[in-house]
Amino acid sequence: MSLPPVTAGPPGSGPVALSPAPHAGATAPRAPRADASAPLRVALVGNPNTGKSTLFNALTGLRQKVGNFAGVTVERHEGSFRLADGRRVSVLDLPGSYSLSAGSPDEAVALEVLLGRGGDARRSVARPDVIVVVADAQHLERNLFLASQLLELGVPVVVALNQIDMAARAGITVDVPELVDALGATVVPTVAKRGQGVDALRRAIARAATLPPAERRFTLPAAADRALAPVQEALVHAGFAPSAARLEALRLLGVAHPESHLADVAGLAALVERARASLREGGLAPDRLEADVRYAWIGGVLGRCVTRRAPAGRSASDRIDAVVLHRVWGPVIFVALMALVFQGIFTWATPLMDAIEGAVASLGAGVAAALPDGDLESLVVDGVIAGVGSVLVFLPQIALLFLFIGVLEDSGYMARAAFLMDGLMRRVGLHGKSFIPMLSGYACAVPGIMAARTVENDKDRLATIMVVPLMSCSARLPIYALLIGAFVPPAAVLGGALTLQGVTMLGMYFLGTVTALAVAALFKRTLLRGPVRPMILELPAYRWPSARNLAISVTGRAKLFLRRAGTVILALSVVLWALATFPKHAADPTLPEAVRQEQQLERSFLGRIGHAMEPAVRPLGYDWKIGVSIAASFAAREVFVSTMGTIYGVADAEGAGSRALTERLRTERDARTGALAYSPLVAVGLMVFYVYALMCMSTVAVTVREAGGGRVGWTWAGIQFAYMLALAYGAAFVVYQGGRLLGLG
Amino acid sequence: MLSLFSRRKPSRDHSLAAVAPERAADSTSAGSEAPRTCALAACGAGARATIVEMRCGDSEACRLRALGLCEGAHVNVVETRHAMLLDVRGTRLALGRAITAGITVQPLAS
């Protein structure tokens with residue numbers, strides 16, 4: 001283990017944590033907390049792209065919990081480790097922030113935790129005992145801005161000077177003892193990716209808990225001190241520590257509206273406004289005062305601690321960007337990469353999905369053999385195992401998608417993709433980052449909606465979630481394939497380059513995509529109206545993604561998906577099973593199994609729903625059997641095909657190419673009119689219906705969760721379901737009735 | 001201004017731009033005694049400049065300052081297209097036109 005020379009400690013001593021000598025007048029070292037057995041609470045804070053998550057993984061290993069902060073959709077990562085003396089340290093990985101001013105929900109959460117003040121009663125937050133700031137040694141000037149704010153919180157601070165190896169390669173040398181002296185905080189050089197300095201960091205955390213808290217290291221001009229005094233007083237009166245009050249008073253000068261954690265400070269907005277006025281009188285610009293004083297101080301610190309060799313030519317990142325962001329090659333590479341991701345999710349997951357499907361089927365068969373015939377067997381096999389199995393099948397796609405997203409994100413490409421797509425997405429009112437979730441939707445809406453987390457703005461994220469299911473997912477494919485195979489002739493078009501079947505398929509994908517963009521634009525102009533946020537994007541230096549990070553993040557996502565969506569799916573599966581099973585129909589036992597199944601289905605609650613729906617689906621050209629299939633597929637659209645198989649008594653209708661079922665559909669006659677039940681027009685209308693209809697309970701469950709959970713989540717999921725159903729019905733109606741008017745029926 | 005910030009103060013008094021924004025918008029008037037300023041959006045690839053004034057939404061300004069883009073900071077324009085790519089304090093940023101049009105800079109001789 002060797003770290004680049006950072007002039008820390010005697011040569012050859014390895015990574016060293018240097019702590020500041022208590023300065024004169026500082027408060028005496030803190031007495032250990034009364035309850036020594038309670039875990040030490042550590043908050044990990046830092047700018048995005050500093051390797052903070054890698055350091056968190058290195059510190060805590062697999063002892064992690066992923067959840068949400070109460071009441072917000074901000075992910076909460078918590079882990080723990082044990083000190084040499086057996087004491088437990090719990091580490092909270094706060095969302096990446098550039099500053100303590102809450103510009104996004106992520107940053108608001110970070111601020112609330114650090115101040116120990118929840119924005120509302122539901123969020124009780126315990127203040128950390130130690131703050132670990134992860135600072136990128138290469139970009140110390142910007143990273144020290146956040147660090148300088150954290151130093152004023154009145155909590156002991158440890159600075160993890162991360163990616164010190166990359167800094168050394170870029171010709172940057174940091175004098176650690178000088179930095180310790182300048183910051184008044186412990187500094188530990190680390191290379192989180194290789195685990196270097198992590199032990200030293202653990203020891204430094206334990207020791208820092210007994211050190212006096214860090215303090216502000218610069219002084220404000222006297223006029224500013226005077227102007228801010230009333231604001232500070234009000235904050236101290238409201239329970240802020242004096243040091244945190246000084247930080248907040250200065251910070252509030254540049255903040256348009258005090259954040260929610262300050263809601264209970266009486267008259268704060270007016271006090272801040274008065275402070276601004278008095279600063280202006282004194283010739284100071286209030287909105288830039290904080291940036292001025294902090295960067296001025298940082299400039300001094302860097303002058304003391306950092307030496308920089310002139311860089312030799314362009315950096316590797318610049319050379320990669322010259323190609324990746326090239327006006328011509330950039331978009332080409334982007335499209336190629338996205339095609340690879342799409343294809344990967346689409347095809348590479350197939351063997352695994354087949355394996356899971358096979359395993360679920362054999363488990364079902366095994367259980368069916370073990371249990372006596374009857375309702376219990378049916379509930380366990382057809383309800384629970386088949387229902388939960390239908391969710392498990394999505395797992396490989398979700399894992400693969402998040403693996404791809406992880407690689408794109410960790411390598412630094414994701415920010416470039418957002419930059420490239422920003423022009424197009426801006427036209428519909430979304431941010432460039434919304435593109436990835438929408439693209440993922442081609443594979444499956446569930447991971448697509450989960451991927452919308454990368455969109456920071458709340459309204460943009462919701463608008464993205466609302467339209468992702470319009471992208472034709474892989475579950476629609478069996479339906480398209482069945483209906484196209486049955487009713488669209490394989491005639492050559494474009495001089496034989498394509499067939500009419502292929503063009504129809506492409507048309508369905510195109511229809512979904514165009515509609516998704518249009519609906520997003522509509523949402524952004526109505527329910528989710530908000531300014532198109534101008535692009536402010538950091539393009540981080542390219543890095544090799546860490547396999548360990550990817551593994552931890554993929555397994556975390558997979559667990560989250562299984563736990564949350566799985567519970568809802570389980571409940572809905574049982575409900576759907578009951579609807580299809582009851583009331584029991586005593587069928588003639590001499591009839592073939594398929595006929596008995598058809599009769600049971602027709603007389604079940606689900607069958608009655610189908611019949612009741614018939615007047616509603618008539619205008620679309622459907623009979624009750626299609627109605628039942630649609631009703632049955634409300635939970636999962638691919639069920640449409642297997643239900644059609646059951647209804648038409650075709651054994652083994654699984655698989656889109658089932659020739660028996662296509663043949664049967666072509667010759668099926670309407671029970672009432674005697675005319676052919678299906679025409680190409682009905683088939684196209686039905687496909688259009690499935691392009692738009694949200695018939696997937698996994699998607700509903702994940703929308704509930706990602707749109708905020710609870711009543712808010714259910715409301716958005718309801719809106720999503722309703723608008724898509726209305727769109728589906730309307731479009732199918734227009735296709736069928738319009739086609740008949742044109743004489744196509 | 002504050003003597004405390006002398007390190008960050010450009011050599012010429014840029015407070016002029018704050019009181020005369022009309023002049024700031026006019027980059028062509030080559031008054032030799034007044035510092036020439038223009039919108040950041042008007043700078044081409046390869047230009048170097050010092051930020052003089054930022055006029056954008058409060059939350060955007062707040063975010064930009066945390067990213068290191070604030071009055072007195074030096075920027076290198078790397079590329080311009082639907083958005084601008086620039087280097088600030090060693091960080092590569094992509095900024096939309098809505099942002100760069102509201103930032104007044106004083107171009108530096110390259």
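The values are calculated or read from the model by the stated rules, or taken from the named source; none is laboratory data. Note that the structure is a prediction, hence the values are computed from the model and not measured. Here Cβ is always computed from backbone atoms with ideal geometry, including for glycine, and neighbour counts include all displayed protein chains.
Just one of the listed residues (A:Val341, A:Val323) is part of a helix (DSSP H, G or I) and over 20 Å from A:Leu403 (Cβ atoms), and it is A:Val323. When we screen A:Gly685, A:Gly730 for residues that are within 17 Å of A:Leu511 (Cα to Cα), surrounded by 15 or more Cβ atoms within 10 Å (Cβ to Cβ) and modelled with pLDDT of 80 or more, the only hit is A:Gly685. Tell me, please, whether a residue that is within 14 Å of chain B (Cβ to nearest Cβ), in contact (Cβ under 8 Å) with a residue 60 or more places away in the chain and either within 25 Å of A:Val157 (Cβ to Cβ) or assigned to a helix (DSSP H, G or I) (or both) can be found in region A:259-279. Yes: one or more hits. For region A:326-338, the candidate set comprises residues that are away from chain B (no Cβ under 12 Å) and touching a helix residue (DSSP H, G or I) at 6+ places or on another chain (Cβ under 9 Å); within that set, the residue that is farthest from A:Ile405 (Cα to Cα) is A:Trp329.
The lone criterion from (1) modelled with pLDDT under 80; (2) within 30 Å of A:Gly708 (Cβ to Cβ) left unmet by A:Val641 is number (2).
Set side by side, the residues A:Asp410, A:Asp354, A:Asp373 differ, and just one is in contact with a Lys or Arg (Cβ under 7 Å, 6 or more places away or on another chain) and at pLDDT 80 or above, which is A:Asp410.
Taken together, A:Thr581, A:Thr590 contain a single residue that is modelled with pLDDT of 75 or more, more than 30 Å from A:Gln64 (Cα to Cα) and loosely packed, with under 14 Cβ neighbours inside 10 Å, which is A:Thr590. No other residue among B:Arg92, B:Arg81, B:Arg63 is farther than 28 Å from A:Val323 by Cα and of a type in the set (Lys, Arg) apart from B:Arg63. Is region A:228-236 home to any residue that is touching a Gly at 6+ places or on another chain (Cβ under 8 Å), in a helix (DSSP H, G or I) and either among the basic types (Lys, Arg) or closer than 19 Å to A:Ala110 by Cα (or both)? No, region A:228-236 has no match at all. Would you confirm, using the coordinates I've provided, whether A:Thr567 is among the polar types (S, T, N, Q), at pLDDT 75 or above and assigned to a helix (DSSP H, G or I)? So A:Thr567 fails the test.
Within region A:251-283, the residues that satisfy the criterion of being β-branched (Val, Ile, Thr) and closer than 20 Å to B:Arg65 by Cβ are A:Val255, A:Val272. Just one of (1) within 14 Å of the chain's Cα centre (by Cα); (2) without any contact (Cβ under 8 Å) to a residue 40 or more places away in the chain; (3) at positive phi fails for B:Asp87. It is (3). Taking the numbered list (1) crowded, with 24+ Cβ neighbours inside 10 Å; (2) within 14 Å of another protein chain (Cβ to nearest Cβ); (3) closer than 22 Å to A:Ala399 by Cα in turn, A:Leu430 passes all entries but (3).
If you check A:Val360, A:Val306, A:Val341, A:Val388 for being within 14 Å of another protein chain (Cβ to nearest Cβ) and touching a Ser or Thr at 6+ places or on another chain (Cβ under 9 Å), only one passes: A:Val306. Here A:Leu527, A:Leu539, A:Leu462 are screened, and the one residue that is buried (at least 17 other Cβ atoms within 10 Å of the Cβ) and away from chain B (no Cβ under 14 Å) is A:Leu462.
Scanning region A:348-384 for residues that are of a type in the set (D, E, K, R) and closer than 28 Å to A:Leu403 by Cα returns A:Asp354, A:Glu357.
The rows are residues; the columns are (1) at pLDDT 95 or above; (2) buried (at least 24 other Cβ atoms within 10 Å of the Cβ); (3) within 14 Å of chain B (Cβ to nearest Cβ).
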{"residue": "A:Ser90", "(1), (2), (3)": "no, no, no"}
{"residue": "A:Ser97", "(1), (2), (3)": "no, yes, yes"}
{"residue": "A:Asp106", "(1), (2), (3)": "no, no, yes"}
{"residue": "A:Asp120", "(1), (2), (3)": "no, no, no"}
{"residue": "A:Leu161", "(1), (2), (3)": "yes, yes, no"}
{"residue": "A:Met166", "(1), (2), (3)": "no, no, yes"}
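Note on region A:280-292: residues that are buried (at least 17 other Cβ atoms within 10 Å of the Cβ) and either at the interface with another protein chain (Cβ under 9 Å from one of its Cβ atoms) or farther than 10 Å from A:Leu253 by Cα (or both) amount to 7.
Of the helices (runs of 4 or more DSSP H) lying entirely inside region A:365-484, those containing at least 1 residues that are in contact with a strand residue (DSSP E or B) (Cβ under 7 Å, 6 or more places away or on another chain) are A:386-392, A:413-427, A:445-451. Going through (1) over 21 Å from A:Val700 (Cα atoms); (2) crowded, with 21+ Cβ neighbours inside 10 Å; (3) at pLDDT below 80; (4) among the hydroxyl-bearing types (Ser, Thr, Tyr) one by one, A:Ser633 falls short only on (1).
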